[in-house]
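Take a look at the structure below.
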Amino acid sequence: MTQASDRQNPLLAAEQHKIGDLLSRLWEAEETIRAIYSGEADAVVVNSPSGPRVYTLEGADHPFRVMVEQMHEGTVTLDSNRLILYSNPQFAALISAAAESVAGSDFDRFLAPADASLFAGLIEAAVAGGHSSGELHLCDVNAATIPVRLSVNLLDVAGMQNLCVIASDLREQRRNEAILKEGRLSRLILEQAAEAIVVIDPRGLIVRRSESANLLARKPVLMELFDAAFPLTAAGIRLDTDRILAAMRAGEKITGVEAQMARSGVGTFALLVSASPLSSDGNELLGCVITLTDITERKRAEEALATQADQLARSNSDLQQFAYSASHDLREPLRQLAVFTELLQTRYQDKLAAEAGLLIEHAVSSAHRMEGLIKDLLAYTQAADAPQGPEACTDANEVCRKTVATFETKIAQSGASVDCDPLPLLAVHEVHLTQLFQNLIGNALKYCGQEPPRIHISAQRNDGLWKITVADNGIGIDPAYKNQVFGIFQRLHGGGKYSGSGIGLAICQKIVQRYGGRIWVESELGRGSRFMFTLPEKKNETR
Amino acid sequence: MKRDSLEQLSLLVVEDSPADVFLVREALKEEGLSCHLKIADDGEKAIHILDGVDAGDQDAPSLLLVDLNVPRQNGEHVLKRLRRSPRYGKTPVVMMSTSDTAVERKRAFELGATEYFCKPSTVAEFMQLGKLVRNLLEARHGTAA
């Protein structure tokens with residue numbers, strides 16, 4: 001057996017050597033594992049035929065795990081289907097969920113639906129480049145959205161493409177931004193406001209002010225006493241911070257109270273004062289916002305306007321007085337003059353020289369003519385007066401027909417023809433349209449040439465106004481006088497050739513202008529005239 | 001009624017223009033009426049006369065010719081005062097004016113005018129006033145007689 005053993009000895013020795021080698025390698029491995037567990041080594045690099053390989057053991061995660069558990073950001077790892085493999089407590093807290101309910105959930109559950117494609121883009125970028133980040137919104141279990149910054153990292157673990165997502169809560173940051181923005185906004189408002197705006201504290205100190213507040217006070221007013229900077233009186237009583245704050249405490253608002261502020265050397269300002277309380281959440285009065293609008297200029301303009309209106313009213317009443325004088329006071333002596341001259345003529349005819357009769361006749365006719373002029377002038381001053389009654393609406397066809405009828409005799413005598421196209425409903429008083437047609441048709445009949453008068457009345461609509469045309473074949477008007485004919489007592493024909501005082505077209509113009517329209521004439525001597533005027537249409541007319 | 005009995009009557013003319021008083025006389029004369037004319041050249045005097053009539057100090061006029069535009073108290077006041085009188089309130093009144101506006105005319109009739117006479121500028125037309133007065137007097141005193 002020994003012999004056999006000896007024979008077998010080299011084999012045994014080889015085996016024993018192998019065992020020793022294995023033992024040492026085992027020890028080495030155990031030592032490595034211990035080192036990794038204890039944190040002395042993170043990983044083991046082993047040379048293999050296919051190159052060096054890195055081995056880590058789970059225990060090596062420990063410090064990182066601690067970090068991940070303790071870090072401020074919410075962190076999750078996702079598998080390639082975006083299933084949450086791991087969530088740290090902060091992520092669960094971020095979405096207000098119980099920590100144990102998060103792992104195993106679909107990450108998309110906690111993503112604001114509107115940001116789904118944004119997130120998909122982040123993942124795509126991370127898979128392609130290893131890392132991506134962007135701002136989007138999560139959606140907590142109560143469906144509230146949370147602004148976050150997501151940082152997505154690709155974790156290529158043993159050929160499995162997992163993702164690590166770190167979410168930083170941006171709510172606080174957003175709040176700060178909003179506060180900053182609001183602060184900027186209110187500062188901007190204060191800087192740009194035309195009104196003087198000040199914020200006072202309960203002691204009456206100005207703690208905020210607009211630029212214009214400084215301008216109004218003509219000095220910097222920050223941290224000044226409001227009452228010193230703006231000594232206000234309203235209705236003769238001081239309007240100071242005591243009164244204003246008392247009103248605020250009583251729950252009263254001050255809105256647009258007119259006040260005065262005397263400034264030595266500058267004069268008195270007229271101001272509109274408004275004040276609103278500033279209260280804490282606990283309803284304690286922290287002060288108030290006071291707005292001072294400088295209305296000095298406006299008041300001055302208003303006063304100037306009132307004075308003008310006054311003057312206008314006076315001049316209007318003067319005019320009415322004149323119209324009355326014209327109708328009565330002036331006509332009375334004229335009438336008497338006419339009557340007494342006539343009496344003189346009839347009673348003393350036989351005692352007077354032959355020529356005396358002629359002179360008296362001239363005197364009588366002059367008095368009558370003057371009476372006529374006065375009547376016309378009165379008619380002119382009253383021409384555009386609005387008649388009482390309902391809103392103006394007149395059928396021009398009807399008025400034209402009636403007016404033509406009043407000229408029946410004249411038309412028959414002269415062999416005239418009057419054609420009238422269909423006319424509209426107009427927003428004017430009947431009496432005014434009647435006067436227009438009476439004057440224009442009357443003129444067309446009066447100023448005729450050798451031919452019998454042919455008169456054509458037509459209408460054209462343009463921009464809410466109707467243009468009415470009265471065309472004739474009469475003697476026409478020299479274009480040089482086309483504006484003059486609308487003046488008061490303007491006549492183009494002397495002597496007794498054409499009767500009239502020359503008030504008719506002036507009256508027409510006054511009436512048309514009253515309705516915002518205009519009147520004009522197109523004519524040539526000997527070739528007829530076309531008088532045109534515009535008047536507003538009747539709204540909702542049915543024609 | 002006979003012409004001479006109308007001549008006994010007295011008329012009150014409220015008119016500040018002597019020329020028009022002259023013409024009123026002419027118109028009455030033309031119509032053959034030589035009534036006694038009492039003239040008041042302003043409204044206040046006219047109202048004073050009417051007060052006297054009411055108090056029994058003065059005889060009542062048979063007719064009034066009142067110009068609308070007389071000084072102090074105008075014609076409208078005189079007309080209103082007359083219409084308030086319990087005894088002579090129904091006396092005929094001719095309101096006169098140089099102007100002839102529809103408004104003035106309407107108002108005069110509303111206040112109780114019997115006639116409205118617009119003073120004309122020809123002799124012939126002015127003389128029509130006489131006829132108007134005669135008709136009114138006859139209508140009143142004719143039935144009364």
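The values are calculated or read from the model by the stated rules, or taken from the named source; none is laboratory data. The structure displayed is predicted, hence computed values, not measured ones. Here the Cβ is made from the backbone with ideal geometry for all residues, glycine too, and neighbour counts use every protein chain on show.
Tell me which residues, restricted to the stretch B:83-127, are touching a strand residue (DSSP E or B) at 6+ places or on another chain (Cβ under 8 Å), outside any loop (DSSP other than H, G, I, E, B) and of a type outside the set (Val, Ile, Thr).
B:95, B:96, B:97, B:104, B:105, B:108, B:109, B:115, B:116, B:117, B:118 - these are the residues of the stretch B:83-127 that are touching a strand residue (DSSP E or B) at 6+ places or on another chain (Cβ under 8 Å), outside any loop (DSSP other than H, G, I, E, B) and of a type outside the set (Val, Ile, Thr).
For the subset of the stretch B:15-44 comprising residues that are away from every other protein chain (no Cβ under 14 Å) and touching a Lys or Arg at 6+ places or on another chain (Cβ under 8 Å), which member is surrounded by the most Cβ atoms within 10 Å (Cβ to Cβ)?
Here is the first cut: in the stretch B:15-44, the ones away from every other protein chain (no Cβ under 14 Å) are B:28, B:31-44.
Next, only the ones that are touching a Lys or Arg at 6+ places or on another chain (Cβ under 8 Å) stay: B:31-33, B:37, B:42-44.
On the way: B:31: 19, B:32: 11, B:33: 20, B:37: 16, B:42: 17, B:43: 25, B:44: 15.
This residue is B:43.
Give the stretch A:124-182 a look and list any residue that's under 49 Å from the mean Cα position of the chain (by Cα), under 18 Å from residue A:85 (Cβ atoms) and among the β-branched types (Val, Ile, Thr), or say none.
A:152, A:165, A:166
Do we have any residue at all in the stretch A:459-474 that's surrounded by 17 or more Cβ atoms within 10 Å (Cβ to Cβ) and more than 29 Å from residue A:395 (Cβ to Cβ)?
no
Spot the failing condition for residue B:91; the list is (1) surrounded by 14 or more Cβ atoms within 10 Å (Cβ to Cβ); (2) within 14 Å of another protein chain (Cβ to nearest Cβ); (3) of a type outside the set (Gly, Ala, Ser), and only one is missed.
With (1) surrounded by 14 or more Cβ atoms within 10 Å (Cβ to Cβ); (2) within 14 Å of another protein chain (Cβ to nearest Cβ); (3) of a type outside the set (Gly, Ala, Ser) applied to residue B:91, the lone miss is (2).
Among the residues of the stretch B:45-97, write down those that are among the acidic types (Asp, Glu) and over 12 Å from residue B:16 (Cα atoms). Outline the logic, then answer.
Let us first name the residues in the stretch B:45-97 that are among the acidic types (Asp, Glu), namely B:51, B:54, B:57, B:59, B:67, B:76.
Listed by number, the residues that qualify are B:51, B:54, B:57, B:59, B:76.
So how many residues does the stretch A:214-261 have that are farther than 14 Å from residue A:289 by Cα, more than 32 Å from the chain's Cα centre (by Cα) and of a type in the set (Val, Ile, Thr)?
Count: 3.
Can you tell me which of (1) closer than 22 Å to residue A:144 by Cβ; (2) part of a helix (DSSP H, G or I); (3) within 53 Å of the chain's Cα centre (by Cα) is the one residue A:97 doesn't meet?
Evaluating residue A:97 over (1) closer than 22 Å to residue A:144 by Cβ; (2) part of a helix (DSSP H, G or I); (3) within 53 Å of the chain's Cα centre (by Cα) leaves (2) as the failure.
Select from the stretch B:54-72 the residues that are away from chain A (no Cβ under 14 Å), within 13 Å of residue B:117 (Cα to Cα) and out of contact with any Pro (no Cβ under 9 Å at 6 or more places or on another chain) and list them in ascending order. Before the answer, list the steps.
If we filter the stretch B:54-72 for residues that are away from chain A (no Cβ under 14 Å), which is where we start, we get B:54-66, B:72.
Next, only the ones that are within 13 Å of residue B:117 (Cα to Cα) stay: B:64-66.
B:65, B:66 - these are the residues of the stretch B:54-72 that are away from chain A (no Cβ under 14 Å), within 13 Å of residue B:117 (Cα to Cα) and out of contact with any Pro (no Cβ under 9 Å at 6 or more places or on another chain).
Which residues, counting only those in the stretch A:87-127, are polar (S, T, N, Q) and more than 15 Å from residue A:75 (Cα to Cα)? Working first, answer last.
Just the residues of the stretch A:87-127 that are polar (S, T, N, Q), to begin with: A:87-88, A:90, A:96, A:101, A:105, A:117.
The one that is polar (S, T, N, Q) and more than 15 Å from residue A:75 (Cα to Cα): A:117.
Can you name the residue in the stretch B:96-117 that is of a type in the set (A, V, I, L, M) and within 14 Å of chain A (Cβ to nearest Cβ) and, of all such residues, is surrounded by the most Cβ atoms within 10 Å (Cβ to Cβ)? Show your work before the answer.
Residues of the stretch B:96-117 of a type in the set (A, V, I, L, M): B:96, B:102-103, B:108, B:111, B:113.
Retained after the next criterion (residues that are within 14 Å of chain A (Cβ to nearest Cβ)): B:96, B:102-103.
On the way: B:96: 24, B:102: 7, B:103: 8.
So the residue we want is B:96.
Residues are listed down the side, and each one gets a yes or a no for (1) in contact with an Asp or Glu (Cβ under 7 Å, 6 or more places away or on another chain); (2) among the polar types (S, T, N, Q); (3) at pLDDT below 90:
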{"position": "A:397", "(1), (2), (3)": "no, yes, no"}
{"position": "A:400", "(1), (2), (3)": "no, no, no"}
{"position": "A:436", "(1), (2), (3)": "no, no, no"}
{"position": "A:449", "(1), (2), (3)": "no, no, yes"}
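One line per residue, one yes/no per condition, for (1) within 14 Å of chain B (Cβ to nearest Cβ); (2) under 30 Å from residue A:216 (Cα atoms):
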position: A:305; (1), (2): no, yes
position: A:313; (1), (2): no, no
position: A:317; (1), (2): no, no
position: A:330; (1), (2): yes, no
position: A:356; (1), (2): no, no
position: A:359; (1), (2): no, no
position: A:362; (1), (2): no, no
position: A:374; (1), (2): yes, no
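For the subset of the stretch A:268-284 comprising residues that are more than 35 Å from the chain's Cα centre (by Cα) and of a type outside the set (Asp, Glu), which member is farthest from residue A:214 (Cα to Cα)? First the steps, then the outcome.
Narrowing the stretch A:268-284 to residues more than 35 Å from the chain's Cα centre (by Cα): A:282-284.
When the remaining residues are screened for being of a type outside the set (Asp, Glu), the result is A:282-283.
Numbers: A:282: 32, A:283: 30 Å.
The qualifying residue farthest from residue A:214 (Cα to Cα) is A:282.
Might you let me know whether the stretch A:63-74 holds any residue that is at pLDDT 80 or above, part of a helix (DSSP H, G or I) and among the aromatic types (Phe, Trp, Tyr)?
Looking for residues that are at pLDDT 80 or above, part of a helix (DSSP H, G or I) and among the aromatic types (Phe, Trp, Tyr), one finds none in the stretch A:63-74, hence no.
Taking residue B:123, is it within 14 Å of chain A (Cβ to nearest Cβ), surrounded by 14 or more Cβ atoms within 10 Å (Cβ to Cβ) and β-branched (Val, Ile, Thr)?
Working: within 14 Å of chain A (Cβ to nearest Cβ): yes; surrounded by 14 or more Cβ atoms within 10 Å (Cβ to Cβ): yes; β-branched (Val, Ile, Thr): yes.
So residue B:123 passes the test.
Can you find, within the stretch A:420-449, the residue that is surrounded by the most Cβ atoms within 10 Å (Cβ to Cβ) among those that are farther than 26 Å from residue A:499 by Cβ and charged (D, E, K, R)?
From the stretch A:420-449, those farther than 26 Å from residue A:499 by Cβ are A:421-430; that's our starting set.
From what is left, the residues that are charged (D, E, K, R) are A:421, A:430.
Values: A:421: 13, A:430: 18.
In this case the residue turns out to be A:430.
Given the condition at pLDDT 85 or above, farther than 22 Å from residue A:221 by Cα and out of contact with any helix residue (DSSP H, G or I) (no Cβ under 8 Å at 6 or more places or on another chain), answer yes or no: does some residue in the stretch A:336-350 qualify?
Within the stretch A:336-350 (the criterion being at pLDDT 85 or above, farther than 22 Å from residue A:221 by Cα and out of contact with any helix residue (DSSP H, G or I) (no Cβ under 8 Å at 6 or more places or on another chain)), the answer is yes, since at least one residue qualifies.
Do you know which residues across the stretch A:108-126 are farther than 22 Å from residue A:142 by Cα, in contact with a Ser or Thr (Cβ under 9 Å, 6 or more places away or on another chain) and surrounded by fewer than 16 Cβ atoms within 10 Å (Cβ to Cβ)?
Once the filter is applied, which keeps residues that are farther than 22 Å from residue A:142 by Cα, in contact with a Ser or Thr (Cβ under 9 Å, 6 or more places away or on another chain) and surrounded by fewer than 16 Cβ atoms within 10 Å (Cβ to Cβ), the stretch A:108-126 yields A:121, A:124.
Does residue A:264 fit the bill of being surrounded by fewer than 12 Cβ atoms within 10 Å (Cβ to Cβ), under 35 Å from the mean Cα position of the chain (by Cα) and at pLDDT below 90?
Working: surrounded by fewer than 12 Cβ atoms within 10 Å (Cβ to Cβ): yes; under 35 Å from the mean Cα position of the chain (by Cα): no; at pLDDT below 90: yes.
Spelling it out, it is not the case that residue A:264 is surrounded by fewer than 12 Cβ atoms within 10 Å (Cβ to Cβ), under 35 Å from the mean Cα position of the chain (by Cα) and at pLDDT below 90.
Please name all residue pairs, on different chains or six or more residues apart, with Cβ atoms under 6 Å, provided the first residue is in the stretch A:277-288 and is touching a residue at least 40 places away in the same chain (Cβ under 8 Å) and the second residue is of a type in the set (S, T, N, Q) and assigned to a loop (DSSP other than H, G, I, E, B).
A:286/A:280
Name the residue that is modelled with the highest pLDDT, counting only residues in the stretch A:183-209 that are small (Gly, Ala, Ser) and under 24 Å from the mean Cα position of the chain (by Cα). Spell out how you get there, then give the answer.
As a first pass, look at the stretch A:183-209 and keep what is small (Gly, Ala, Ser): A:183, A:186, A:193-194, A:196, A:204.
Within this subset, residues satisfying the condition of being under 24 Å from the mean Cα position of the chain (by Cα) are A:186, A:193-194, A:196.
Working: A:186: 78, A:193: 81, A:194: 81, A:196: 91.
Among them, the one singled out is A:196.
Only one residue in A:396, A:427, A:383 is touching a residue at least 60 places away in the same chain (Cβ under 8 Å) and in contact with a His (Cβ under 9 Å, 6 or more places away or on another chain), so which one is that? Write out each step before concluding.
Working: A:396 fails: in contact with a His (Cβ under 9 Å, 6 or more places away or on another chain); A:427 fails: in contact with a His (Cβ under 9 Å, 6 or more places away or on another chain).
When all the criteria are applied, what remains is A:383.
State which residue is farthest from the chain's Cα centre (by Cα) when the search covers only the stretch B:121-137 and only residues that are without any contact (Cβ under 8 Å) to a residue 60 or more places away in the chain and farther than 18 Å from residue A:367 by Cβ.
As a first pass, look at the stretch B:121-137 and keep what is without any contact (Cβ under 8 Å) to a residue 60 or more places away in the chain: B:121-125, B:132, B:135.
Still in the running and farther than 18 Å from residue A:367 by Cβ: B:132, B:135.
Working: B:132: 11, B:135: 13 Å.
Among residues in the stretch B:121-137 that are without any contact (Cβ under 8 Å) to a residue 60 or more places away in the chain and farther than 18 Å from residue A:367 by Cβ, the one farthest from the chain's Cα centre (by Cα) is B:135.
Quick one: which helices (runs of 4 or more DSSP H) lie wholly within the stretch A:217-336 and hold at least 3 residues that are among the aliphatic types (A, V, I, L, M)? Steps first, answer last, please.
Working: elements: A:226-229, A:241-249, A:296-324.
Ranges flagged: A:241-249, A:296-324.
Among the residues of the stretch A:340-362, are any assigned to a helix (DSSP H, G or I), in contact (Cβ under 8 Å) with a residue 60 or more places away in the chain and not charged (D, E, K, R)?
no
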